[in-house]
Amino acid sequence: MKEAVALLPGDRLLTIGPSGTSLSADQGQTWQKLDAEGFHAMACAKGTCYAVGAKGKVAVQRFN
């Protein structure tokens with residue numbers, strides 16, 4: 001299950017949810033699982049994404 005999706009530079013898609021984080025480079029046709037950490041909300045700006053999860057878990061990822 002996924003709870004948020006963001007459009008990244010290069011028309012890539014990033015999605016997060018309780019089942020982990022995934023990235024697509026082909027408009028969602030295929031997905032690459034990045035990790036299994038669960039997150040519930042995400043915001044991205046200028047190539048940096050911030051995700052938050054249960055019990056105050058926070059992640060920051062920069063994308064070129």
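The values are calculated or read from the model by the stated rules, or taken from the named source; none is laboratory data. Worth saying up front: this structure is predicted, and the values here are computed from it rather than measured. Using ideal geometry, Cβ is built from the backbone for each residue, glycine included, and neighbour counts are taken over all protein chains shown. The area values use the complete protein model at the heavy-atom level, side chains included, leaving out ligands, DNA and RNA. Shrake-Rupley method; radii C 1.70, N 1.55, O 1.52, S 1.80 Å.
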*Once all Cα-Cα distances of the chain are split into 5 Å bins that start at 0, what whole-number percent is in each one?*
4, 19, 32, 27, 13, 3, 1
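Ignoring ligands, DNA and RNA, what percent of the accessible area of the chain is carbon or sulfur (1.4 Å)? Present the calculation step by step, with values, prior to reporting the outcome.
Working: 2250 of 4150 Å².
With neighbouring chains kept in place, the figure for the chain is 54 percent.
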*Contour excess over end-to-end distance, with Cα ends at ALA59 and LEU23 and 0.36 nm allotted per residue*: 11.4 nm
*Identify, among ILE16, GLN61, MET1, the residue whose Cα sits farthest towards the positive end of the charge dipole of the chain, taking +1 on the Cβ of Lys and Arg and -1 on the Cβ of Asp and Glu, with the dipole about the Cα centre.*
GLN61
*asked:* How much accessible area per residue does the chain have, counting only protein heavy atoms and a probe of 1.4 Å, in square angstrom?
replied: 65 Å²
*Be a star and scan segment 6-28 for residues whose amide nitrogen sits under 19 Å from the point 7 Å along the Cα-to-Cβ vector of THR48.*
6-10, 14
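With +1 assigned to the C-beta of every Lys and Arg and -1 to the C-beta of every Asp and Glu, and no other charges, what is the dipole magnitude of the chain about the Cα centre in debye, to the nearest 20? Intermediate values should be presented prior to the final figure.
Working: 7 positive and 5 negative charges, 39 e Å.
Computed about the Cα centre, the dipole is about 180 debye.
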